[in-house]
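Shown next, in structure tokens, is the structure this report addresses.
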Number of protein chains: 2
Amino acid sequence: MAADAEAVDDPTAGLPRMDDIVSLCARRGFIWQSSEIYGGINGFWDYGPLGVELKNNLKALWWQRVVRGRDDVEGLDSSIIAHPRTWEASGHVEHFSDPLVDCRACKKRMRADQLDDAGPCPARQGTSEHDWTPARNFNLMLKTFVGAQEDAAATAFLRAETCQSIFLDFKRVRESARQRLPFGIAQIGKAFRNEINPRNFTFRSREFEQAELEFFCHISEREKWFEHWLGERLAFHHELGLKETRLRVRPHRPDELAHYAHAAADIEFLFPFGWQEIEGVHDRGDWDLRRHSEFSGKDLTITDEETKERFHPCVIETSVGIDRSCLALLANAYEEEKLPDGETRALLRLPLAVAPVKVAVLPLAKKLAEPAQRIASELRRHWSVFYDESGNIGRRYRRQDEVGTPFCITYDFDSESDARVTVRERDSMTQERIPVDGLRAYLQDRLETAR
Amino acid sequence: MAADAEAVDDPTAGLPRMDDIVSLCARRGFIWQSSEIYGGINGFWDYGPLGVELKNNLKALWWQRVVRGRDDVEGLDSSIIAHPRTWEASGHVEHFSDPLVDCRACKKRMRADQLDDAGPCPARQGTSEHDWTPARNFNLMLKTFVGAQEDAAATAFLRAETCQSIFLDFKRVRESARQRLPFGIAQIGKAFRNEINPRNFTFRSREFEQAELEFFCHISEREKWFEHWLGERLAFHHELGLKETRLRVRPHRPDELAHYAHAAADIEFLFPFGWQEIEGVHDRGDWDLRRHSEFSGKDLTITDEETKERFHPCVIETSVGIDRSCLALLANAYEEEKLPDGETRALLRLPLAVAPVKVAVLPLAKKLAEPAQRIASELRRHWSVFYDESGNIGRRYRRQDEVGTPFCITYDFDSESDARVTVRERDSMTQERIPVDGLRAYLQDRLETAR
């Protein structure tokens, strides 16, 4: 925590450092770079045993909230590779590019709008005097070839966003699910962008996961649904425990809007590297369905049963980055807490619903392993459980604090006679003595209330 | 059902036809071809509102059974694109190919080992006399370029199987999760193969989902763990309700084994198109870890604490196709049942745990919509619920039978006075009168027992 004058204006002052979060993630099995043993591959990340549970919990909450919990939203899981015409209609083939420059001296390649991050030029004695080429457009879609030829006719793309398939499947979903306006279609899935400079850990990567909703309505209701979904999504992030002071809505200025967009707002989180978008809410008008109608020759209009008006519905989109949201959860939860005894503990104050491990079961001594393992096996039928019998109990508590495990159950020598165990709560470190046969109900009560 | 002599030897005689299953899947929103409005893209499929629930239920059951429910298996979610050296070490760059031939007359391209399926040659008046070129090897990995160049150095591959990243991350997972042999690492994710002739609906496609476990053990325990996992996986498919008579284990003959494999067995299901593999269980020896050690220069050995023996662990793999397993579930569940009144109903006898919709709520008349919707909203907090108020009640029941919904709740005129509803069970069509405020417990009891 820098105490100098500059820090006053820096909103990230006092926040934990990214280095500490990145290091925790790799060391404890949340997230690390893909293909580490081969030196890594830039912009690709693997989620380890704890990371995959965190991510799956987040996705399940989103799915329950946006899809299963509503009767006006249908789920979808479309293929990553779609017909290449999709990306002509969407405008990606023509427009989805970044301006790119090369340094003639050191060969470094950068986005023309991010030259401040280029660092010194090694070919020029470490001065910052790069010799940049003029900017040229570089398409960000990852290309592949489907079928046995490698030519233009076989070229396909890894989707750059999950939403396009929702537009392609609009009619099929509406008819098979017998939905009427207003209604939405939502999906979670991988998308790919050939970012020139991936950075900020998992924040800007080349392979990432999106959770997108496209909500279709009549144009007369666009403002109403835009406000509804912006509010819904903001509430979701609040309920995930993201701190009030680190969450804000930034409406787009008119000059920032895509040419087809009517309104847009970013939900931003204050990361250690500054305010950054974790979710976008967009009023896309009828652009998407109209374009796919034109390019496919298929009728994607709706006819109003009463007025007989035929129209392409208006689309309100909510698009959240699952990786960004996971990173926000971790950055939000990470704390180094000074304890009364002068020691410091690192902990993740993750909300119960997303914590990767719900319960750790710890026998006080190895000779108590058997009954402790029985408890762990029983609880494992319902929750993600970690069993740990090695090291002193204080260190084992610390290890669980550091990965955000909300409850530690200690089986000690008294447990043998009184059939009770100690349940220690992560945040308050308070301990309670609970009967073994009441454990499931006790935990269920705590964990269900948290949802 | 063909009653002729040939049918006696045809194990698929009497099974529902694929056409009926494919048609149901598209019409009711389980699965349809990707990019339909652009004429489709061969070998790619989209899961609709019901399909995504079925698939997610299946994945959740696998995850609970293989990962969360055990203390000796860790989960993982690695990137689809890994460092390209991965696929050199694994042997895919060199060997992962099919023999391919072209017809010089009609230009048709086929796998040399599937020429029986080629059909007539349109360039030769529909005779079957194709003019095939000699077979050449065609690599099945989908290729892309990462970074701003399209050259050899930038070439990467979409993974052809999810297991390779497990080997890459073996050391990191073991250390971060503090596991000791024997233990496993498991993941679910997309993989891609550029199949020359995708076919049999979702059975052989170009983009598909795998659920793979790599279980690491000392070589002295290889047989034991191979048997354990073969038994475990077979039990899983049985518990999913796949009929005894349609499930079998086919051990590989010695001449079928990969050069590094010690033992292998396929779990096969009797589809309408014949016996086909849905899962493979393989003893891969130490091939994978040894190869990645060699290619990366990183030490992936384990040292036995007692004997001080240093070795690459032996790997037992279980690899199930999620799409194939979904298709088996659908094919297994589909029935056309003759009713006492002479009518026929189509139904999916899906096990409760995988049924995409658990409960349908149906008001007997539109004027009863409001209380029925209240019930639906309440139940939707816990399960996937469908609400339907249009059409006569018999037709609404049939619609739910056809998609495998286990329970239909009818709110009728008596419900207003006696606060009870009728619960109709899919398979038996029996009806029971249940108090509205006991509904949740009633359903929870039925649905939990089914897990």
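What is the distance in Å between the Cα centres of the stretch A:305-375 and the stretch B:379-429?
If we compute the Cα centre of each part, the gap is 36 Å.
What figure, in Å² to the nearest 10, do you get for the accessible area of residue A:46 with a 1.4 Å probe and non-protein molecules left out?
Roll a 1.4 Å probe over it and residue A:46 shows about 0 Å².
Can you work out ³J(HN,Hα) from phi for every residue in the stretch A:303-310, in order, using Karplus 6.51 cos²θ - 1.76 cosθ + 1.60 and θ = phi - 60°, giving whole Hz and x for Gly and Pro?
So the Karplus estimates, Gly and Pro as x, are 10, 5, 5, 7, 7, 6, 5, 10 Hz.
5 Å is the cut-off here: which amide hydrogens, built 1.01 Å from N in the peptide plane, fall below it relative to residue B:252, excluding neighbours closer than 5 in sequence?
Close amide H contacts, sequence-distant or interchain: B:264, B:265, B:266.
Suppose you put the label 7 Å out from Cα in the Cβ direction; list, shortest first and in nm with one decimal, how far residue B:241 is from each other copy's label.
Nearest first, the other copies' label points are 3.8 nm away.
Largest first, how would B:110, A:18, A:429 line up by accessible area (1.4 Å probe)?
A:429, A:18, B:110
Let's test the formula: R0 of 56 Å, r as the Cβ-Cβ distance of residue A:437 and residue B:259. What FRET efficiency results, to the nearest 0.05?
The value I calculate is 0.55.
Please give the FRET efficiency for residue B:338 paired with residue B:428, using the beta carbon to beta carbon distance and R0 = 22 Å, rounded to the nearest 0.05.
That gives a FRET efficiency of 0.90.
When the accessible area of the protein assembly as shown is computed with all protein chains present and a 1.4 Å probe, what percentage of it is carbon and sulfur?
47 percent
Cβ under 11 Å from residue B:135's Cβ, residue B:135 left aside: what net charge do those residues give with Lys, Arg +1 and Asp, Glu -1?
Net charge around residue B:135: -1.
First select every other residue whose beta carbon is under 13 angstrom from the beta carbon of residue A:418; then total the charges, Lys and Arg +1, Asp and Glu -1.
-2
Run the helix sum for the protein assembly as shown: -39,500 (n - 2.57) per DSSP H stretch of 4+ residues, divided by residue count, reported at 222 nm to the nearest 500 deg cm²/dmol.
That comes out to -8500 deg cm²/dmol.
Relative contact order, percent, of chain B when contacts are C-alpha pairs under 8 Å separated by at least 6 residues?
Reported relative contact order: 13 percent.
Closest beta-carbon to the B-to-A rotation axis: which chain B residue owns it, and what is the separation in whole Å?
B:144, 2
Considering Cα pairs under 8 angstrom that are at least six residues apart, work out the relative contact order of the stretch B:85-221 and quote it in whole percent.
20 percent
Report residue A:224's accessible area, 1.4 Å probe, all protein chains in place, as a number in Å² to the nearest 10.
Taking all protein chains as shown, residue A:224 has close to 110 Å².
Find out how many positive minus negative residues lie around residue B:345, taking Lys and Arg as positive, Asp and Glu as negative, among other residues whose Cβ is under 13 Å from that of residue B:345.
0
At 7 angstrom along the Cα-to-beta-carbon line, where would the label on residue B:305 sit relative to the other copies? Give the distances in nm, shortest first.
Relative to the other copies, residue B:305 has label-point distances of 6.9 nm.
With 28 Å as the limit, write out which pairs from B:338/B:367; A:55/B:190; A:243/A:338; A:243/B:171; A:367/B:308; A:55/A:367 have Cα-Cα distances beyond it, or answer none.
B:338/B:367; A:243/B:171; A:55/A:367
Would you please give the residues with an amide H less than 5 Å from that of residue A:141, counting only those at least 5 places away or on a separate chain, with H modeled from the backbone geometry?
Placed amide hydrogens put A:194 under 5 Å from residue A:141.
Given H placed on each backbone N at 1.01 Å, which residues far from residue B:317 in sequence or on other chains put an amide H within less than 5 Å of it?
Those qualifying (amide H under 5 Å, at least 5 residues apart or on another chain) are B:215, B:282, B:283, B:284.
Within chain A, what's the longest stretch lacking chymotrypsin sites (Phe, Trp or Tyr not before Pro) that sit in DSSP loops with no more than 16 other Cβ atoms inside 10 Å?
That gives A:1-259 as the longest site-free run.
Could you order A:107, A:190 by accessible surface area, starting with the largest, using a probe radius of 1.4 Å?
A:107, A:190
Leaving out ligands, DNA and RNA, calculate the buried accessible area for the pair A and B with a 1.4 Å probe, summed over both sides, in Å² to the nearest 100.
Using a 1.4 Å probe, the pair buries roughly 6900 Å².
Apply the Karplus curve 6.51 cos²θ - 1.76 cosθ + 1.60, θ = phi - 60°, to the phi angles in the stretch A:390-404 and return the couplings in whole Hz, x for Gly and Pro.
10, x, 6, 4, x, 5, 5, 4, 4, 4, 6, 4, 5, 10, x
Using a 1.4 Å probe, how large is the accessible area of residue B:128, given in Å² and rounded to the nearest 10?
90 Å²
Please report, for residue A:369, the nm distances (one decimal) from its label point, 7 Å out from Cα along the beta-carbon direction, to the equivalent points in the remaining copies, shortest first.
6.3
Starting at the first residue of the stretch A:123-130, write each ³J(HN,Hα) from the Karplus equation 6.51 cos²θ - 1.76 cosθ + 1.60 with θ = phi - 60°, in whole Hz, x for Gly and Pro.
Per-residue couplings from phi come out as 7, 10, 6, x, 6, 8, 7, 5 Hz.
Between residue B:444 and residue B:305, what FRET efficiency follows from the Cβ-Cβ distance if R0 is 30 Å, with the result rounded to 0.05?
0.05
Where in chain B lies the longest segment free of GluC sites (Glu not before Pro) that are both loop residues by DSSP (not H, G, I, E, B) and have at most 14 other Cβ atoms within 10 Å?
Longest stretch, sites excluded: B:151-304.
The values are calculated or read from the model by the stated rules, or taken from the named source; none is laboratory data. As the structure is a computational prediction, the values presented were derived from the model and not from experiment. Backbone-built Cβ (ideal geometry, glycine too); neighbour counts: all protein chains shown. To get the accessible areas, we keep the full protein, side chains included, count just its heavy atoms, and leave off ligands, DNA and RNA. Shrake-Rupley method; radii C 1.70, N 1.55, O 1.52, S 1.80 Å.
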